[in-house]
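Computed from the coordinates by the stated procedures, all read-outs in this text should not be read as laboratory data. Source: prediction; values computed, not measured. Here the Cβ positions follow ideal geometry from the backbone for every residue, glycine too, while neighbour counts run over all protein chains shown.
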Amino acid sequence: MSKLDDVYSKLTIKTGAKLALVVLDGLGDIATAAQGNLTPLEAAKTPNLDALVRSGCAQGRLTPVAPGITPGSGPGHLGLFGYDPLEFEVGRGVIETLGLGIERKNGDVAARANFCTLDDKGIVTDRRAGRIATEVCERLCGLLSAKIKKLGTTQVIIVPGKEHRFVVVFRGAGLEGPLTDTDPNREGLPIAAAQPVDAKNAKQKKVAKLIADFYKAALPLLAKEKPANGFLMRGIAHQPDIPTFEQRYQLKAAAIAVYPMYKGLSQLVGMTKIEGPQTIREQFERYVAEYENYDYFFIHYKYTDKAGEDGNFAAKVKAIEDFDAALPVLLARKPDVLVITGDHSTPCALKGHSWHPQPVLLHSASCGNDKLERFTETGANLGSLGVMEAKYLIRHMQANAKMFDKFGA
C-alpha cells in the first residue's frame, strides 16, 4: 500500500452511502469533418442524460493510464476501480478466464484468444473473423478441445466466450507469464510468435514453446473453416496477487456485466458477479433489485466500444441513445453518488482504442453544478473535475459520499 493509499484508508468512514459506476465502454471519441465535426455523444439525442446534467453535475476528462498511452480494457477498468494500471498489471487471459467461471489453480497460465481470418499465405485479413456468432465459436472450441487435451504433460483447457472470443488455459508444472501477444494488432501481418517478456525466465520459455506447439496442432484443424480459420492470443499471463476492493475502500461491491472479460475484471478485485441481465435495461432493473445488498455497483455497457471499433458512427450514436432510453430505471433508485464514463476512448475515425481522455460525469448532492447543458467531450473540457488520472475517480466518489474524515488539524 502506498503512503497516499494509507492516508485514504485512515480517513475512511463507513456511511452507508450507495455509489454507482456506469461504464460505457469506449465512450470517448473525437470530432472529425467526416462526422460533421461532432462526436457520437454530441450527435446523440440524450434527453435523460441532459436532464441529469442540468440538475447539477461535475464533469471532466479521465486519463486511463498516463498521457499518450492507449490502454486495453483491463488497465482502463482497473484505473476506474482505483488500482494504478502501472502497478497492477493483469493479463487479459486471466481476466477473461475469471469471467467465464473457470476455476483457477496456482501456476495456470491463461490467454484470451480471438478467432481470425487468414489468407492462403497465413496473413491476417480480419482480426475478428467477421465477429462470428457465439454458436460458431462454441462449435470451433469444441472441435479444438476434442483434439487437443494435452501438450506433453501440460493440460490444455479451451472455453468459448462471446462471438469470436475464447480462452486457453495451460495447466501444468513450471509455467509462468507474461508473454508477448501473438496478435499483430492490425491486418496485413502474420500471426506473431509469443515471446517471454523475461528472456532469462525458463518458465516463460516453456510457455512460449507450448503456445508454438498449440498453434501447430490447432491451425490444421481450422484450415477449412471460413471465416474463422485462425486465432490470435493476447494477455498471456498468470494471476497476480491484488488486494480486494472492499479491503481498499470499505465498500461491498457488485458487478453487473454481460461480457466475460468485465465480469472477470470485477471478480479479480473481489466484486460479487451478478449473473442474468443481458440488456442495459435489464442491468438497471437488476441494480434496482439488488440496491440494498451492496454499497457500490459497477455496471458495464459494451456496445459503444463495439461500434467504435467497427468505425460505425451511426451505431455508436444509437448505442448511446439506447443507453439513455434505459437510464430512468437506474435514476429512479437515486444512488448517492453516480458516475457515468468510459474505460477509454474508441474513436470511430480510428477504429480502435486511443489515448484521448474519456469524458466523465459525476452526480451527487455535494458535487456542485458546472452549469453545463449536456454530457459531451466539449462540455467535459470545461468541467470542474478537470483532466485527472482515472485511478483517482474512486476517491472523488468516496469524497462525494462523505466517506472521508478531515485530514490534519
Here are a few candidate values for Kirkwood radius over Cα pairs in Å: (1) 22.0; (2) 26.3; (3) 20.6. Which one was actually calculated from the structure I just gave you?
(1)
Mind jotting down the three principal axis lengths of the range 95-237 based on Cα atoms? Whole angstrom, largest first.
36, 30, 25
Suppose R0 equals 41 Å. What FRET efficiency, 1/(1 + (r/R0)^6) with r the Cβ-Cβ distance, do SER2 and ALA365 give to the nearest 0.05?
0.85
If you average the alpha carbon positions of the range 285-331 and of the range 18-90, how far apart do those two centres end up, in angstrom?
12
Compactness check, the range 243-329: C-alpha Rg relative to the 2.2 N^0.38 Å globular estimate gives 1.17
Could you list which residues have their amide H under 5 Å from that of LEU151, counting only those 5 or more apart in sequence or on another chain, with H placed in the peptide plane?
VAL156
Total formal charge among the other residues, if their Cβ is under 15 angstrom from that of TRP355, Lys/Arg +1 and Asp/Glu -1:
-2
For a Förster distance of 56 Å, can you work out the FRET efficiency between the beta-carbons of ALA199 and ALA289, rounded to the nearest 0.05?
0.60
Count charges around ILE13 for me, please; just the other residues with Cβ under 11 Å from its Cβ, Lys/Arg as +1, Asp/Glu as -1.
+3
Got a sec? Which residues in the range 222-236 would a label at ASP119 touch, if it sits 7 Å along Cα→Cβ and we count backbone N under 16 Å?
229-230
In nm, the gap between the two label points placed 7 Å beyond Cα toward Cβ at GLU373 and TYR392 is 3.0
Choice from ALA110, ALA365, ALA380 with maximal GNM fluctuation in the chain (Cα, 10 Å cutoff)
ALA365
With a ≥ b ≥ c from the Cα gyration tensor eigenvalues, square-rooted, and the rule rounded for a/c under 1.5, otherwise prolate when a/b > b/c and oblate otherwise, the range 9-122 is oblate
With each pseudo-label sitting 7 Å past Cα toward Cβ, what's the GLU321-ALA146 distance in nm, one decimal?
4.5
With the dipole of the chain worked out from charges on the C-beta (+1 for Lys and Arg, -1 for Asp and Glu) around the Cα centre, which of HIS238, ALA66, ALA43 lies farthest toward the positive end?
HIS238
What length, rounded to one decimal in nm, is gained on full extension from GLU103 through to SER9, with 0.36 nm per residue of separation minus their alpha-carbon distance?
30.7 nm
Could you please report the charge total around MET271, scoring K, R as +1 and D, E as -1 over all other residues with beta-carbon less than 10 angstrom from its beta-carbon?
+2
Once fully extended, how much extra length lies between LYS351 and ALA33, figured as 0.36 nm per residue of separation less the alpha-carbon to alpha-carbon distance?
112.9 nm
Within the chain, percent of DSSP bridges classed antiparallel, to nearest 5:
65
Mean Cα-pair separation over length for the chain, i.e. relative contact order, pairs under 8 Å, 6 or more apart, %:
33
By how many nm would the segment from LEU382 to LYS252 grow when fully extended, if each residue of separation counts as 0.36 nm and the alpha-carbon distance is taken off?
43.5 nm
